[in-house]
């Protein structure tokens with residue numbers, strides 16, 4: 001049986017707005033195994049972002065346990081949480097959140113800034129990661145000189161900088177056009193296949209979600225439905241539509257020409 | 001920062017000039033008092049009041065009429081000196097012969113009443129009794145020798161010349177000049193103490209017997225410096241001289257003291273007003289510096305608060321990718337310090353270049369030197385150094401600059417402390433929502 005990287009046990013998160021209490025998450029149980037590519041879907045206000053924040057140690061659950069890599073992070077004080085965020089989690093945001101005054105490579109180096117890596121090690125690693133996301137040669141560009149899709153690739157490279165146990169992506173395709181959407185999701189899928197990176201992606205785009213291996217439908221703070229995605233068959237290098245053999249880098253099935 | 005650099009510089013400059021002024025006052029007054037004490041026993045007896053100044057006649061009028069406005073040069077027999085010397089209490093009588101030169105300079109003045117030609121004697125011939133005990137004990141000869149030597153006992157056929165005459169005669173030390181047909185060798189040149197415009201007339205000093213010969217006043221003198229045995233004798237001697245010789249104008253140390261005292265009063269007044277201005281200035285300056293410090297801190301505070309607010313999302317991102325509270329706080333502190341450091345360097349540059357102007361603008365004007373004009377009237381002391389002061393020049397020193405730079409860093413840290421702390425406290429989940 002695969003080992004769980006991330007597990008929640010009866011997690012609840014309540015927000016207080018004035019006198020009203022809003023139950024964003026209620027007794028949510030979730031397990032993400034190592035090497036999985038999971039999509040969390042749901043309508044607005046279903047608690048997707050809250051869940052991702054709780055999973056990413058950006059927010060604390062009102063109740064329940066969040067076990068990340070064997071550690072209950074819900075119990076940890078803020079003083080220790082930053083190290084978890086730095087070393088175990090990679091974040092990808094809808095709006096990329098690159099620092100505008102830093103170049104692409106400097107943005108990728110940023111998470112390594114507070115680690116023990118030397119300057120040259122950091123630079124080397126950042127260069128490698130930018131190559132991995134297909135941005136070799138654009139290291140010196142500032143975010144405003146990159147397209148939206150390229151910016152998100154830089155953000156993905158940044159998320160990978162400290163070799164996290166899990167990548168949490170919050171609507172990573174939300175600000176992108178159709179072409180770039182598929183580019184990014186394929187990039188994530190390939191990362192998952194090639195490097196075995198565990199990815200949890202929040203999205204409300206069902207088209208995108210089907211490219212993962214497991215889709216969780218979140219409603220009123222609970223997981224209502226679970227569905228298999230196409231990614232599972234892709235992992236076996238088979239076209240999910242016609243079953244013919246495909247390559248990892250293929251954009252479309254060579255046989256049925258469907259978008260992979 | 002410019003304020004912080006230029007104000008102290010301005011204050012220091014003002015303090016320095018006031019101090020210089022005070023020192024000059026004190027040394028001048030003590031010099032004068034010393035001078036008065038030295039000459040306390042001196043009774044000056046002149047044959048005429050004041051120094052000679054001949055005005056010319058309206059052009060075209062015959063020259064034999066007594067010159068209009070002119071002072072007749074009067075002489076008395078030198079035997080009068082012997083008579084004065086026999087008065088009880090008189091220690092020494094030093095005779096002088098002062099006579100205007102025959103050579104004159106003239107200049108024409110245009111007035112509504114017509115044009116006047118003013119002719120002035122070119123120089124004064126002063127004959128001095130070159131008795132070595134007189135020369136040693138009394139200041140009877142110019143002391144400010146710039147070339148050659150002083151006159152001494154036994155000198156004859158030689159003279160001491162004021163520097164402004166060397167050009168006219170075209171000679172230097174050792175040169176030969178002709179005065180009223182007699183030739184003299186210049187043995188020394190001195191710088192006249194008196195620089196007032198009306199009295200730029202040159203002077204030559206020579207043995208009194210030479211002077212009598214050359215001026216045709218054999219046996220005559222124009223002035224006696226009478227020295228009493230003791231200060232207490234001065235009044236008595238003065239009374240006797242005034243009663244016996246109505247043609248002599250007598251002045252004593254008391255008259256001179258009076259003029260010095262009135263001068264001292266003016267000095268003191270000016271000094272105290274300068275000091276009060278300075279202390280006012282310092283108060284104002286302190287207020288201005290405090291204001292500048294407070295303003296700087298507040299500006300940094302607001303700028304950094306604004307920055308933190310503007311960059312909430314960035315802070316959220318930094319925290320999400322693993323920056324600790326301390327990382328974030330130090331980041332923003334550093335930014336605040338850098339901001340102020342750059343401002344500080346720019347300010348110091350402005351301050352150094354513009355300190356004189358800025359301190360002048362920021363500080364109330366110091367009216368120390370406006371009054372020095374009144375001292376000029378006391379031409380006797382015109383070159384005593386009091387008036388050699390220029391305006392206060394404010395040049396900030398290195399210490400002030402380093403201090404300002406340190407203050408810049410400190411204020412940057414102080415002003416950004418709270419914003420940085422707030423930034424570090426930002427909850428990432430909330431910060432991410434912030435647009």
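Descriptive notes on the structure:
- Residue B:150 meets all of the listed conditions (1) surrounded by 12 or more Cβ atoms within 10 Å (Cβ to Cβ); (2) out of contact with any helix residue (DSSP H, G or I) (no Cβ under 8 Å at 6 or more places or on another chain); (3) not in a strand (DSSP E or B) but one, namely (2).
- Here segment B:304-321 is the region considered, the condition is being more than 11 Å from chain A (Cβ to nearest Cβ) and free of Cβ contacts under 8 Å to residues at least 24 places away in the same chain, and the residue that is farthest from residue B:418 (Cα to Cα) is B:310.
- Single unsatisfied condition, residue A:175 versus (1) crowded, with 21+ Cβ neighbours inside 10 Å; (2) within 14 Å of another protein chain (Cβ to nearest Cβ); (3) in a loop (DSSP other than H, G, I, E, B): (1)
- The condition (being modelled with pLDDT of 90 or more and either more than 14 Å from chain A (Cβ to nearest Cβ) or farther than 22 Å from residue B:412 by Cβ (or both)) is satisfied by just one residue among B:333, B:329: B:333.
- Meets criteria (farther than 29 Å from residue B:148 by Cα and either surrounded by 21 or more Cβ atoms within 10 Å (Cβ to Cβ) or touching a helix residue (DSSP H, G or I) at 6+ places or on another chain (Cβ under 8 Å) (or both)) for residue B:211: no
- Here residue A:61 passes the criteria (1) under 27 Å from residue A:191 (Cα atoms); (2) surrounded by 18 or more Cβ atoms within 10 Å (Cβ to Cβ); (3) within 14 Å of another protein chain (Cβ to nearest Cβ) except the one numbered (1).
- Checking each residue in segment A:1-43 for being outside any strand (DSSP E or B) and under 21 Å from residue A:203 (Cβ atoms) picks out A:35, A:36, A:42, A:43.
- Boolean, residue B:414 is surrounded by 13 or more Cβ atoms within 10 Å (Cβ to Cβ) and either modelled with pLDDT under 55 or under 23 Å from residue B:10 (Cα atoms) (or both): no
- Screening residue A:64 on (1) outside any loop (DSSP other than H, G, I, E, B); (2) over 16 Å from residue A:159 (Cβ atoms); (3) touching a helix residue (DSSP H, G or I) at 6+ places or on another chain (Cβ under 6 Å) shows it passes everything except condition (3).
- Any chance residue A:201 is under 26 Å from residue A:7 (Cβ atoms), under 13 Å from the mean Cα position of the chain (by Cα) and either at pLDDT 90 or above or assigned to a loop (DSSP other than H, G, I, E, B) (or both): yes
Per-residue answers, yes or no, for (1) in contact (Cβ under 8 Å) with a residue 40 or more places away in the chain; (2) within 28 Å of residue A:111 (Cα to Cα):
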| residue | (1), (2) |
| --- | --- |
| A:171 | yes, yes |
| A:175 | yes, yes |
| A:187 | yes, yes |
| A:198 | yes, yes |
| A:201 | yes, yes |
| A:222 | yes, no |
| A:225 | no, no |
| A:234 | yes, no |
| A:247 | no, no |
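- Tally of residues being touching a strand residue (DSSP E or B) at 6+ places or on another chain (Cβ under 6 Å) and either on the phi < 0 side of the Ramachandran plot or free of Cβ contacts under 8 Å to residues at least 24 places away in the same chain (or both) across segment A:56-87: 11
- Screening the candidates B:352, B:359, B:365, B:372 for the property of being surrounded by fewer than 14 Cβ atoms within 10 Å (Cβ to Cβ) and at pLDDT below 80 yields one hit, B:365.
- Count of residues meeting criterion [at pLDDT below 85 and not in a loop (DSSP other than H, G, I, E, B)] in segment B:160-177: 7
- Single residue of segment A:70-93 satisfying the filter (crowded, with 19+ Cβ neighbours inside 10 Å and in a loop (DSSP other than H, G, I, E, B)) that is nearest to the other protein chains (Cβ to nearest Cβ): A:93
- Within segment A:96-134, tally of residues that are away from chain B (no Cβ under 13 Å), assigned to a loop (DSSP other than H, G, I, E, B) and in contact (Cβ under 8 Å) with a residue 24 or more places away in the chain: 3
- If the condition is being within 18 Å of residue A:193 (Cα to Cα) and either surrounded by fewer than 17 Cβ atoms within 10 Å (Cβ to Cβ) or out of contact with any strand residue (DSSP E or B) (no Cβ under 8 Å at 6 or more places or on another chain) (or both), then segment A:212-242 contributes A:228, A:230, A:232, A:233, A:234, A:235, A:236, A:237, A:238, A:240.
- Cβ pairs under 8 Å, 6+ apart, first in segment A:11-28 and farther than 17 Å from residue A:49 by Cα, second modelled with pLDDT under 90: A:21/A:15
- Checked against (1) over 13 Å from residue A:38 (Cα atoms); (2) assigned to a helix (DSSP H, G or I); (3) away from chain B (no Cβ under 14 Å), residue A:151 meets all criteria but (3).
- Candidate set from segment B:15-60 (those that are surrounded by 17 or more Cβ atoms within 10 Å (Cβ to Cβ) and at pLDDT below 70); member that is farthest from residue B:342 (Cα to Cα): B:57
- As a summary of the residue check, residue A:46 satisfies the conditions (1) farther than 26 Å from residue A:109 by Cα; (2) assigned to a loop (DSSP other than H, G, I, E, B); (3) within 22 Å of the chain's Cα centre (by Cα); (4) within 14 Å of chain B (Cβ to nearest Cβ) except for the one numbered (4).
- Restricting attention to segment B:420-435 and to residues that are modelled with pLDDT under 80 and over 20 Å from residue A:55 (Cβ atoms), the residue that is nearest to the other protein chains (Cβ to nearest Cβ) turns out to be B:435.
- Among (1) under 18 Å from residue B:33 (Cβ atoms); (2) surrounded by 14 or more Cβ atoms within 10 Å (Cβ to Cβ) - the single one residue B:268 does not satisfy: (2)
- Matching residues in segment B:214-249 - criterion: being surrounded by fewer than 18 Cβ atoms within 10 Å (Cβ to Cβ) and assigned to a strand (DSSP E or B): B:249
Residue-by-condition table, conditions (1) under 30 Å from residue B:43 (Cα atoms); (2) in contact (Cβ under 8 Å) with a residue 12 or more places away in the chain; (3) out of contact with any helix residue (DSSP H, G or I) (no Cβ under 6 Å at 6 or more places or on another chain):
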position	(1), (2), (3)
B:261	yes, no, yes
B:265	yes, no, yes
B:276	no, no, yes
B:280	no, yes, yes
B:284	no, yes, yes
B:292	no, yes, no
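The values are calculated or read from the model by the stated rules, or taken from the named source; none is laboratory data. The shown structure was predicted, so the numbers you read here are calculated from the model rather than taken from an experiment. For neighbour counting, all protein chains shown are included, and Cβ atoms are generated from backbone atoms with ideal geometry for every residue, glycine included.
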